[in-house]
Amino acid sequence: MSFELFVFYLFAAIMLFAAFRVITVRNPVHAALFLVLAFASSSALWLLLEAEFLAITLILVYVGAVLVLFLFVVMMLDINLTPLREGFIRYLPVAVLIAIVMVAQMVMVLGPQRFGLDQMPAPPRQPATYSNTEELGLLLYTEYLYPFEIAALILLVAIIAAIALTMRKRPETKYQNPGEQVTVKKQERLRIVKMDSE
Amino acid sequence: MEHITTYWQALPPNLQLLLFNVGKVLAVMVPLMLSVAYLTYAERKIIGFMQVRMGPSRVGPKGLLQPIADGVKLMFKEVILPANANRFMFYLAPVLALGPALAAWAVIPFNEVAVIADLDAGLLYVLALTSMAVYGVIIAGWASNSKYAFLGAMRSAAQIVAYEIAMGFALVGVLMASGSLNLGKIVLAQQGGLLNWFWLPLFPLFMVYLISGVAETNRAPFDVAEGESEIVAGFHVEYSGIAFALFFLAEYANIIMIAALTAVMFTGGWLSPFTGVLPAGVFQWPVIGYLLGDGVHWFLLKTASFIFIFLWLRATFPRYRYDQIMRLGWKVFIPVTIIWLSVEGVAAYYRIGPWFD
């Protein structure tokens, strides 16, 4: 077994273990942290595929921002876990059935008939000067320019919509205007009273 | 010497590569840890002088052995695990805080050849690792099973996420100007003396990056995560002994790293400010020419001056209120960076600006 293969199996095993623990651990904070581990190991797998841009972006976006906010919320939740676990046995048959259907679908779509090595040969090894980031940038801004811009626009609309949905002025909230605060002059706040010492 | 070469050649090539790389890592890490130790001394001395007092002066000549005494003291103290704390997470947190701070040094170029890993996506790597640093803080706050620690962790998480965006945008400006994500190439794009460095054309981004850097490292005036007057010591209130020392090391290693990154991105890394200012003949003089020309010493000098700014800020400003921090991050810095990015886009389209000569 070559070293590369060893690294692949190592990270794949860690990733499967972490993904399994995400749904089986009792503590939601631990579940979120196992999700971090799963993302980190999948990013390592992407590095093995010479896709360093995607690998680093996965860490930057998901581990560095999205999951931090996840953890933020999960840590502040005060949930009683026992009611959530009730009915585990009762729903188990349905869950197993759905899981089997999903696995079967994935095997049929992604199996060796369509994605086998005879259908899709392994891409050639790139030279050391090859820059994955540059190639992605070139493709995104030439061939896929319109889909890229449309996706960006949709994301922008989503951001504005999310802000508009959550932003409501509540009358009881007190606001401060820093612009007004810094223009305050001494005469408006301070009154010096001359008086004799007692 | 010949003996060593023959021994070296007798080693298998994989082992040679491993030893070579470990050597490179040690060559950066050992001076870095020493500078971290002496940065604590420098900080206490400098702030001491700013406040007209002596600072540490008892241990060794002029107090120079103070950091070593502190380190030895912390090493021999007991690490106390709070009741009902999560043992694994509690011990993992300091490691997670220090790890990214050290790992990011892999891509920092000291000069044209002296860099551990010459990554093409170096800037992204740095961003990814600085965003990982928040995990140490969050996990420490959560695993301590303490309200103060938890409050500190929550504040820190919100603050780091907010300022990371402004920081990322500021760096987008740098990569637009240099046309590369490789830190070495970013420095080379600034060639040609003081006025060709990116701090001038990207001045708003430079300011945003420097201030966000202070906020990212949880330093005064943005140190609400520690806030000793409100929440004792924030996320590391339950840590003692060497576990606390790791958090301390992480904070100072982060300061040095942010300062080094500012030096690389905005003030031309190892480049000399006198190129193009002094006549070319000056650089041929024996010793002075070397000192005035490009070299590692310029990088170290620039990094040191940015570190000094960190200490200066701490001695000067009172702590920000939490809502003011959030306002500054979201409502001031992000709009400023976006506006300057569009200005830069127009400048790049019409090929104006000092970096297109």
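The values are calculated or read from the model by the stated rules, or taken from the named source; none is laboratory data. None of the values given here were measured: they were computed from a predicted structure. Here the Cβ is made from the backbone with ideal geometry for all residues, glycine too, and neighbour counts use every protein chain on show. Please note that ligands, DNA and RNA were not included when accessible areas were found on the heavy atoms of the full protein model with its side chains. Shrake-Rupley method; radii C 1.70, N 1.55, O 1.52, S 1.80 Å.
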Would a scan of region B:322-334 turn up a residue that is within 12 Å of another protein chain (Cβ to nearest Cβ), under 22 Å from residue B:204 (Cα atoms), in contact (Cβ under 8 Å) with a residue 40 or more places away in the chain and touching a Pro at 6+ places or on another chain (Cβ under 6 Å)?
no
Go through region B:1-36 and give me each residue that's small (Gly, Ala, Ser) and free of Cβ contacts under 8 Å to residues at least 40 places away in the same chain.
B:10, B:23, B:27
Among all residue pairs at least 6 apart or on different chains, which show Cβ distances below 7 Å where the first residue, located in region A:26-52, is among the small types (Gly, Ala, Ser) and the second is outside any helix (DSSP H, G or I) and open to solvent by less than 50 Å² (accessible area, probe 1.4 Å)?
A:31/A:25
Only one of these is farther than 19 Å from residue B:322 by Cα and within 14 Å of chain A (Cβ to nearest Cβ): B:209, B:135, B:239, B:252. Name it.
B:135
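State whether one or more residues within region A:53-70 are under 30 Å from residue B:14 (Cβ atoms) and more than 14 Å from every other protein chain (Cβ to nearest Cβ). Walk me through how you get there before you give the answer.
Initial filter on region A:53-70 (under 30 Å from residue B:14 (Cβ atoms)): A:53-56, A:58-59.
Then keep just the ones that are more than 14 Å from every other protein chain (Cβ to nearest Cβ); that gives none.
The answer is no, given that none of the residues of region A:53-70 is under 30 Å from residue B:14 (Cβ atoms) and more than 14 Å from every other protein chain (Cβ to nearest Cβ).
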Specify which of the listed residues (B:114, B:149, B:166, B:153) is under 30 Å from residue B:345 (Cβ atoms) and either in contact (Cβ under 8 Å) with a residue 60 or more places away in the chain or among the basic types (Lys, Arg) (or both).
B:166
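Here are A:124, A:112, A:93: which of them is under 28 Å from residue B:125 (Cα atoms) and out of contact with any helix residue (DSSP H, G or I) (no Cβ under 9 Å at 6 or more places or on another chain)? Before the answer, list the steps.
On the way: A:112 fails: under 28 Å from residue B:125 (Cα atoms); A:93 fails: under 28 Å from residue B:125 (Cα atoms).
On inspection, the qualifying residue turns out to be A:124.
Go through region B:157-193 and give me each residue that's among the aromatic types (Phe, Trp, Tyr) and crowded, with 23+ Cβ neighbours inside 10 Å.
Let us first name the residues in region B:157-193 that are among the aromatic types (Phe, Trp, Tyr), namely B:163, B:169.
If the condition is that a residue be among the aromatic types (Phe, Trp, Tyr) and crowded, with 23+ Cβ neighbours inside 10 Å, then B:163 is the only one that fits.
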Going through region B:12-42 one residue at a time, which ones are surrounded by 12 or more Cβ atoms within 10 Å (Cβ to Cβ) and more than 24 Å from residue B:303 (Cβ to Cβ)?
B:16, B:18, B:19
Residue A:20 meets each of (1) of a type outside the set (A, V, I, L, M); (2) outside any helix (DSSP H, G or I); (3) closer than 27 Å to residue A:74 by Cα with one exception, condition (2)
Could you count how many residues in region B:54-72 are assigned to a loop (DSSP other than H, G, I, E, B), of a type outside the set (A, V, I, L, M) and open to solvent by 100 Å² or more (accessible area, probe 1.4 Å)?
1
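Check whether at least one residue in region A:77-93 is within 14 Å of chain B (Cβ to nearest Cβ), open to solvent by less than 100 Å² (accessible area, probe 1.4 Å) and among the aliphatic types (A, V, I, L, M), and report yes or no.
Initial filter on region A:77-93 (within 14 Å of chain B (Cβ to nearest Cβ)): A:77-78.
Right, trim to open to solvent by less than 100 Å² (accessible area, probe 1.4 Å) and you get A:77.
Applying the additional criterion that residues be among the aliphatic types (A, V, I, L, M) yields A:77.
Yes, that holds for at least one residue.
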Heads up, the helices (runs of 4 or more DSSP H) in region B:256-357 (entirely inside) with at least 2 residues that are surrounded by fewer than 17 Cβ atoms within 10 Å (Cβ to Cβ) and at pLDDT 90 or above are B:296-316, B:334-349
Residue hits (region A:161-193; loosely packed, with under 10 Cβ neighbours inside 10 Å and within 14 Å of chain B (Cβ to nearest Cβ)) are A:163, A:166, A:167, A:173, A:174, A:175, A:177, A:179, A:180, A:181, A:182
